[in-house]
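Visitor: Would you mind keeping the following structure in view while I ask a few things?
The values are calculated or read from the model by the stated rules, or taken from the named source; none is laboratory data. Computed from a prediction, not measured in an experiment: that's the story for all the values here. Cβ: placed from backbone, ideal geometry, glycine included. Neighbour counts: every protein chain shown. Heavy atoms of the whole protein, side chains included, go into the accessibility calculation; ligands, DNA and RNA do not. Shrake-Rupley method; radii C 1.70, N 1.55, O 1.52, S 1.80 Å.
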Amino acid sequence: MASYPKSLVLLPLTLCIFYITSQLWHRQYYPHSRPLLKYPFDDDSNTNQDCDDGSCFKSRDILENPDYEDEFKGKWELASENSGISAMHIILFPNTNKAIMLDAVSLGPSNVRLPVGIYRLNPGAWQKYVDYRALAVEYDAESAAIRPLKILTDTWSSSGGLSANGTVVISGGWSGRGRSVRYLSGCYHACYWKEHHWELSAKRWFSTQHILPDGSFIVVGGRREFSYEYILKEGKRIIYDLPILNETTNPSENNLYPFVFLSTDGNLFIFANDRSILLNPETNEILHVFPILRGGSRNYPASATSALLPIKLQDPNSNAIRAEVLICGGAKPEAGVLAGKGEFMNALQDCGRIEITNKSATWQREMMPSPRVMGEMLLLPTGDVLIINGAKKGTAGWNFATDPNTTPVLYEPDDQINERFSELTPTSKPRMCHSTSVVLPDGKILVAGSNPHSRYNLTSGSKYPTELRIEKFYPPYFEESFASYRPSIVSKFKGKMVKYGQNFVIQFKLDELEVSSNDLKVTMYAPPFTTHGVSMGQRLLVLATKELIDVGSGIFQVSVMAPPTAKIAPPSFYLLFVVYRQVPSPGTWVQIG
């Protein structure tokens, strides 16, 4: 009988012990691990099926490992003691970490001066007077530096968005300049607004603006303007009647700043007060009337908050891509009239969610943890929704609300109904009428503004003083123990154009030794123009991913498919995020068109 060296006999035993130990270690730290799933398009037999109303599409929401979770509920940081102005409007400037903030020129004087030698003529009650105060600033989110900007016309309650080439476009406003459109581009060494005073056919005050697939904008509504029109659309300077706006007005109006979302089929979902329609912007035909969202009023001054939920692009068939809208909070129709008399009704606590690509869909109702009016709804890089700011009683308007709602809420759209909401760490600073917030490229939330007064009131004796302080909120994915799991994008996209439907590659760094494709997703975010609780043009796309390669030295490469058409992603600048088990990388700017 042959004999073997002891080393050869012990080798299998050693390997067996090593394997068992590694598995026990893996289960200790990843107790809920699941079998590896392939990417969509690899093998139909290995795809998870999400079905609703008979239509199924591929999903890769099931992860090999569970999302990183902790009891951390976020934290607040005072970013600046003085923003100079109260930020009634805010928008991120592309390819930067800077935000453009604006306020009404009639609410000053602000707390920041224009550069020496620069001034504007401001129409007063009896005569024009020289105004040296700035009512627009560029705010650097990294350094907290402020650069005052000169703007001639009053943007109070205007609307806005980013154009296809990254220009900030703001339409409408107060007084005689409600037909103005303003353009801001460049802004590296000097910032100059180009103002076209008669570009709109009607005065648009409290209207909503949204970019369209051809790069033009639609502007919907306005005080006593029951219509819409287009800007930057060649040959279009026509007012189109919109009966739903006339039909939904009441003594408090409650149909201003209508919610407008571009659906994945290129049609527009328009919501006013408690009703909604689907409009074809090419033929100007009303295609569908949705069921009434009962329970109260949802638009300014009742001021619910709303968002188009993340659009999942795993299915390459663009005709099958679903779109859902979420609307939360608001007020009773009579709340505005009563607030004018000093009686503050409780805000609404319910939410409505509907699939706007399904004409037989009805509203699905849910309840928030607390009532809220004048909140803002932001899409996080992870695909979750943050609801922030606002009040628990009253409506929007000068001193028309009380009982600030200082507790942010996280909404997880893919969880089971009645399990989607969780409360986060509250702030100590009330943010009610004319407050704003925006998602920064690093994933933090910039929170600014709040002025419930008809002028700046900075006195500490006021119940709710005009707020010039800027805060940053750190969502739960900034838990300190997650830092080593946070990806960082290595690829450079500045100056490059991503084309529709093309595959492109993203390289990112991650300290994990092994990264499964099913623990990863790539999201593309269109930052909004935010004002009065309305986040115009906001959009989050979950891109279809095809291949993940370990390049070595902690560098990974993922291949993704760009959105198939401009109906899915209108041409403009987006923030690109790599998300590993619900921990997002800092975003990098990309342009699609």
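Visitor: Quick check on VAL169: is it within 17 Å of MET536 (Cβ to Cβ), open to solvent by less than 10 Å² (accessible area, probe 1.4 Å), touching a helix residue (DSSP H, G or I) at 6+ places or on another chain (Cβ under 9 Å) and modelled with pLDDT of 95 or more? Let's see the steps before the verdict.
Guide: Numbers: within 17 Å of MET536 (Cβ to Cβ): yes; open to solvent by less than 10 Å² (accessible area, probe 1.4 Å): yes; touching a helix residue (DSSP H, G or I) at 6+ places or on another chain (Cβ under 9 Å): no; modelled with pLDDT of 95 or more: yes.
For VAL169, the condition - within 17 Å of MET536 (Cβ to Cβ), open to solvent by less than 10 Å² (accessible area, probe 1.4 Å), touching a helix residue (DSSP H, G or I) at 6+ places or on another chain (Cβ under 9 Å) and modelled with pLDDT of 95 or more - is not met.
Visitor: Taking the options PRO371, PRO404, name whichever one is in contact with a Lys or Arg (Cβ under 9 Å, 6 or more places away or on another chain), under 19 Å from ASN273 (Cβ atoms), open to solvent by 10 Å² or more (accessible area, probe 1.4 Å) and not basic (Lys, Arg).
Guide: Details: PRO404 fails: under 19 Å from ASN273 (Cβ atoms).
Checking each option against the conditions leaves just PRO371.
Visitor: Take region 407-426 and flag every residue that is part of a loop (DSSP other than H, G, I, E, B) and either of a type in the set (A, V, I, L, M, F, W, C) or surrounded by 19 or more Cβ atoms within 10 Å (Cβ to Cβ) (or both).
Guide: PRO408, ILE417, ARG420, LEU424
Visitor: Considering only region 562-593, state which residues are among the hydroxyl-bearing types (Ser, Thr, Tyr), open to solvent by 10 Å² or more (accessible area, probe 1.4 Å) and closer than 13 Å to LEU541 by Cα.
Guide: THR565 - this is the single residue of region 562-593 that is among the hydroxyl-bearing types (Ser, Thr, Tyr), open to solvent by 10 Å² or more (accessible area, probe 1.4 Å) and closer than 13 Å to LEU541 by Cα.
Visitor: Which residue pairs have Cβ atoms under 8 Å apart, sit 6 or more places apart or on different chains, and have a first residue in region 172-189 that is β-branched (Val, Ile, Thr) and a second that is at pLDDT below 90 and open to solvent by less than 70 Å² (accessible area, probe 1.4 Å)?
Guide: Once the first residue is β-branched (Val, Ile, Thr) and sits in region 172-189, its partners that are at pLDDT below 90 and open to solvent by less than 70 Å² (accessible area, probe 1.4 Å) give VAL181/GLU195.
Visitor: Could you tell me whether GLY215 is open to solvent by less than 60 Å² (accessible area, probe 1.4 Å), part of a loop (DSSP other than H, G, I, E, B), of a type outside the set (D, E, K, R) and modelled with pLDDT of 90 or more?
Guide: Values: open to solvent by less than 60 Å² (accessible area, probe 1.4 Å): yes; part of a loop (DSSP other than H, G, I, E, B): yes; of a type outside the set (D, E, K, R): yes; modelled with pLDDT of 90 or more: yes.
So GLY215 passes the test.
Visitor: Let me ask something else about it. Quick check: anything in region 255-268 modelled with pLDDT of 95 or more, aromatic (Phe, Trp, Tyr) and on the phi > 0 side of the Ramachandran plot?
Guide: Yes.
Visitor: Name the residue, out of ILE270, ILE327, ILE292, that is in contact with a strand residue (DSSP E or B) (Cβ under 7 Å, 6 or more places away or on another chain), part of a strand (DSSP E or B) and over 30 Å from THR545 (Cα atoms). Step through it out loud before you land on a result.
Guide: Working: ILE327 fails: over 30 Å from THR545 (Cα atoms); ILE292 fails: part of a strand (DSSP E or B).
After ruling out the rest, the residue left standing is ILE270.
Visitor: Might you check whether a residue that is open to solvent by 10 Å² or more (accessible area, probe 1.4 Å), under 30 Å from GLY266 (Cβ atoms), touching a Gly at 6+ places or on another chain (Cβ under 8 Å) and part of a strand (DSSP E or B) occurs anywhere in region 463-474?
Guide: no
Visitor: Okay, next question. Could you tell me which residue of region 541-572 is farthest from the chain's Cα centre (by Cα), considering only residues that are over 15 Å from PRO487 (Cβ atoms) and without any contact (Cβ under 8 Å) to a residue 60 or more places away in the chain? So that I can check it myself, show each step before the final result.
Guide: First, pick out the residues of region 541-572 that are over 15 Å from PRO487 (Cβ atoms): 541-542, 544, 546-547, 552, 559, 561-572.
Next, from what is left, pick out any that are without any contact (Cβ under 8 Å) to a residue 60 or more places away in the chain: 552, 559.
Values: GLY552: 35, SER559: 25 Å.
Among those that are over 15 Å from PRO487 (Cβ atoms) and without any contact (Cβ under 8 Å) to a residue 60 or more places away in the chain, it is GLY552.
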